[in-house]
Amino acid sequence: MKAVALAAAERGWRVFPLRPGTTEPAVRDWAERATTDARRIELCWDTGPYNVGLAPCASGLVVLDLLPARGEQPPQPYRLPGVHDGSDVLAMLLEEHQQRMPVTTYTVRTPGGGQQLYFQRPARRCPTQPPRPLAWHVEVRCTRSYVPVAGSIAAEGAYTLLHDAVPEPCPPWLAGHLSATRPRRGRRA
């Protein structure tokens, strides 16, 4: 896992340790402690077989998390033949807006069968609030969130690399979603 962490850091991605066999942070203040410093990474991973977490926004990334089906039916308006999970919902949304499916960007398969699509974060600062989900089973990982790096192993299985490429620039439809202001409400549970 040390090699996985170092490889991510070489890409300029800020990493931190996750508890072995889980996707839970092994350190407090993980967002502030995420690093690309090879020496710090070596010292940390020399102490144990930690999984590797990635702080997307600090790494200049936005990750689109396409969640797998979990046995539930999609809500309206996504309850259509052939629509079962986040990948299907994203395809439907892109078709509505006459956009192409981002198939050439860095992509990871999650243990449950979902996918995570990595994009370059737009040049402006990270949003101050986590972005709201884009749609049913289509979530945006950026501010105050993290993703396990390909190679990490959880109880359900491994995060595996599907497409190794430089992350594509953030598509305008996703950049627009990130810049949309989020209405202020009471504290979230």
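The values are calculated or read from the model by the stated rules, or taken from the named source; none is laboratory data. Given the structure is predicted, the values throughout are model-derived calculations rather than measurements. A quick note on method: Cβ atoms are made from the backbone with ideal geometry, for glycine too, and the neighbour counts reach across all protein chains shown.
Considering segment 55-93 alone, what residues qualify as being touching a Lys or Arg at 6+ places or on another chain (Cβ under 7 Å) and either within 27 Å of W13 (Cβ to Cβ) or not polar (S, T, N, Q) (or both)?
Our first condition is that a residue be touching a Lys or Arg at 6+ places or on another chain (Cβ under 7 Å); within segment 55-93, this holds for 55-63, 65, 73.
Within segment 55-93, A55, P56, C57, A58, S59, G60, L61, V62, V63, D65 meet the criteria.
Of the strands (runs of 3 or more DSSP E) lying entirely inside segment 1-85, those containing at least 2 residues that are β-branched (V, I, T) are 61-66.
Conditions tested, residue by residue: (1) hydrophobic (A, V, I, L, M, F, W, C); (2) at pLDDT below 85.
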{"site": "T104", "(1), (2)": "no, no"}
{"site": "A123", "(1), (2)": "yes, yes"}
{"site": "T128", "(1), (2)": "no, yes"}
{"site": "A135", "(1), (2)": "yes, no"}
{"site": "S145", "(1), (2)": "no, no"}
{"site": "T160", "(1), (2)": "no, no"}
{"site": "H163", "(1), (2)": "no, no"}
{"site": "R187", "(1), (2)": "no, yes"}
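Scoring C44 on the criteria (1) without any contact (Cβ under 8 Å) to a residue 24 or more places away in the chain; (2) surrounded by 15 or more Cβ atoms within 10 Å (Cβ to Cβ) leaves a single failure, condition (1). Among the residues of segment 86-107, those identified as outside any loop (DSSP other than H, G, I, E, B) and within 22 Å of R132 (Cβ to Cβ) are G86, S87, D88, V89, L90, A91, M92, L93, L94, E95, E96.
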